[in-house]
């Protein structure tokens, strides 16, 4: 991704609608059940949490032990619904997704191909 620096601004070029209403959230040390790896966005794996929530989780954020896994860090899989033309602040980049914040303070993940970095 060209010239990404945490805190940079970007414009949404392609609207994005969050897919999961109750995304997985975990704390370091939580037990998880890992599933399949994402083929579209390498570096992500589907995990289930004892809370009943499931979602895409960064492989780098978990330690897999056979049929179970342990969260290595806190993580929130919330996605960010955004309309074309909205301006976002990009806070981090991971495996083809930005953690972004809107001007109203709402935050979440949005695919990198949906935004254009502002100069």
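The values are calculated or read from the model by the stated rules, or taken from the named source; none is laboratory data. From a predicted model like this one, the values you see are computed outputs, not experimental measurements. Glycine also receives a Cβ, built like all others from the backbone with ideal geometry; neighbour counts cover every protein chain displayed.
Couple of notes before you dig in:
- Residue identified as modelled with pLDDT of 95 or more and touching a helix residue (DSSP H, G or I) at 6+ places or on another chain (Cβ under 6 Å) among 16, 61: 16
- Filter result (assigned to a loop (DSSP other than H, G, I, E, B) and in contact (Cβ under 8 Å) with a residue 24 or more places away in the chain) within segment 21-33: 22, 23, 24, 27, 28, 29, 30
- Subset of segment 72-89 (residues that are under 15 Å from the mean Cα position of the chain (by Cα) and farther than 26 Å from residue 113 by Cβ): 74
- Against the test of being part of a strand (DSSP E or B) and under 19 Å from residue 4 (Cα atoms), the options 109, 56, 46 yield a single qualifying residue, 109.
Every residue, every condition in (1) exposed (fewer than 11 other Cβ atoms within 10 Å of the Cβ); (2) free of Cβ contacts under 8 Å to residues at least 12 places away in the same chain, yes or no:
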residue	(1), (2)
7	yes, no
17	yes, no
35	no, no
40	yes, yes
47	no, no
51	no, no
58	no, no
78	no, no
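- Among the candidates 66, 85, the residue that is at positive phi and at pLDDT 95 or above is uniquely 85.
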